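The values are calculated or read from the model by the stated rules, or taken from the named source; none is laboratory data. Since we're looking at a predicted model, the values are computed, not measured. Note that each Cβ is placed from the backbone with ideal geometry, even for glycine, and that neighbours are counted across all protein chains shown. In case anyone asks, the SASA skips ligands and DNA or RNA and just uses the protein heavy atoms, side chains included. Shrake-Rupley method; radii C 1.70, N 1.55, O 1.52, S 1.80 Å.
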Amino acid sequence: MKLFFREHAVLIAVQIVQFFVVLAIYWLDGYRHLLPAFYAIFLGLFFLASYLAYHYLSRRKFYKRLTNELCSLDDSFQTTESSPISQALNHLLKDQYKHYQTRIKELESKQEEHLKFMDQWVHQMKTPLSVIELIAQNLDEPDSSSIREETDRMKTGLNTILYMARLRTIEQDFHIKPVNLSKMIKEVNGENKRFYIRNHVYPNVLQHKREVIVETDEKWLFFILTQLINNAVKYSKGKSNRIDITIFEKEGEAVLEVKDFGVGIPETDKRRVFDPFYTGENGRKFRESTGMGLYLTKEAANHLGHRIGLESKVGQGSTFQVIFEKTQNLTGM
């Protein structure tokens, strides 16, 4: 209704002005009978109102369609009245929808090719890295450790790129199944054994219950936990020689907690640590920070239906929690 009156506001104003101009002309010409004049104005307003009412009622669906927001692209195919302007709008929206779908398919095709290229490239790079590690084993110290340290960094970077590419199609990439958190922690710690030794920071695993099993994707949870542990070790280096990895239950939810005793996160950075490419104050001190680890962790957790909790104080360390909604407890194993 508002759109209709805004469209015809000029017409209504012109008609009213026209009525008063005609009356003024008759008045200046000496005509002083007001009753016929008012009757003429009444008839004019009546015909104007009748025209506006008919015009609105005959195009009510059209104005309603222009006013309401589209909930989906399929709403573009809605039909209204058979008036020329309504048919023109229907034709315009259908053409726009077709162009939009064509463009989306082109972008999806290019994205899929890009993801395949990144996946193949990452796997191709892992092969020469493995060869370099084998060669480094035959070298004397400290050259051997230095080379393997650099290859580990390269592997971490390649994995970050790979998971960043897969994040766009994570709905087709994950497989939900029961996962034992204790076994997951052992696997991650075993994978990062040299990383712990190199930084002189070691994990302290605490478990309040014997077995805690959650519904999640094993591969993506492995990545999430690896990212949290890498950050904990990196920001503890030189301040503490341990990090705590704890499994417990709170209010019916399983919690996987990674706690470090390092530099901590400033208050000004807490709200943005999960933003892509944001490194913050600590990122300027630790040059290896890319600002993508916590972003990918948060995004993956959201897709899996988990929550990420954060507590931190400068100079005292940081605590990250992965909170799972549903758990199973297996005892006696």
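Taking a ≥ b ≥ c as the square roots of the eigenvalues of the alpha-carbon gyration tensor, region 193-253 is classed prolate because a/c is 1.5 or more and a/b outweighs b/c.
Distance between the modelled labels on Leu107 and Trp121, one decimal in nanometres: 2.1 nm (7 Å Cα→Cβ projection). If you plug the beta carbon distance of Val10 and Gln96 into 1/(1 + (r/R0)^6) with R0 = 30 Å, you get a FRET efficiency near 0.55.
Axis of helix 181-191 versus longest Cα principal axis of the chain: the two differ by about 70°, to the nearest ten degrees. Largest GNM mean-square fluctuation across Pro276, Pro203, Pro142, computed for the chain with C-alpha springs under 10 Å, falls on Pro142. According to the square roots a ≥ b ≥ c of the eigenvalues of the Cα gyration tensor, what is the shape class of region 133-279, taking rounded for a/c under 1.5, prolate for a/b larger than b/c otherwise, and oblate for the remainder? It comes out rounded by the Cα gyration axes.
Solvent exposure of region 103-236 amounts to 58 Å² per residue of accessible area, where only protein heavy atoms count and the probe is 1.4 Å. Structure remark: mean-square fluctuation, Gaussian network model of the chain, C-alpha springs under 10 Å; the largest value among Glu187, Glu69, Glu281 belongs to Glu69.
Tell me the carbon and sulfur percent of the accessible area for the chain, rounded to whole percent, probe radius 1.4 Å. Of all accessible area on the chain, carbon and sulfur atoms account for 57 percent. When peptides 190-201, 111-122 are ranked by their average number of other Cβ atoms within 10 Å per residue, the highest-first order is 190-201, 111-122.
Among DSSP bridges having both ends in the chain, what percentage is antiparallel? Round to the nearest 5. Looking only at bridges with both residues in the chain, the antiparallel portion is about 85 percent. A Gaussian network model of the chain, with springs between Cα atoms under 10 Å, assigns the largest mean-square fluctuation among Tyr54, Tyr100, Tyr26 to Tyr26. Note on the chain: helix-only mean residue ellipticity at 222 nm, from DSSP H runs of 4+ residues weighted -39500 (n - 2.57) and normalised by residue number, equals -20500 deg cm²/dmol. For the pair Leu48 and His303, a Förster radius of 51 Å applied to the C-beta separation gives a FRET efficiency near 0.30, rounded to the nearest 0.05.
The peptide list 298-304, 256-262, put in order of mean Cβ contacts within 10 Å with the highest first, becomes 256-262, 298-304. Taking a sphere under 9 Å around the Cβ of Ser182 and counting the other residues whose Cβ falls inside, with K and R at +1 and D and E at -1, yields a net charge of +2. Using Cα pairs under 8 angstrom and six or more residues apart, how large is the relative contact order of the chain, in percent? Computed value for the chain: 12 percent relative contact order. With a 1.4 Å probe rolled over the protein heavy atoms of all chains, the accessible area of Ile147, Ile185 falls in the order Ile147, Ile185, largest first. Between Asn159 and Ile41, how many nm apart are label points set 7 Å from Cα along the C-beta direction? Roughly 8.4 nm, to one decimal. For the chain, the square roots a ≥ b ≥ c of the C-alpha gyration tensor eigenvalues yield an a/c of 1.5 or more together with a/b exceeding b/c, which makes the shape prolate. Comparing region 147-199 with the 2.2 N^0.38 Å rule of thumb, its C-alpha radius of gyration ratio is 1.42 (two decimals).
For the chain, the longest principal axis of the C-alpha atoms and the axis of helix 293-304 are separated by about 70°.
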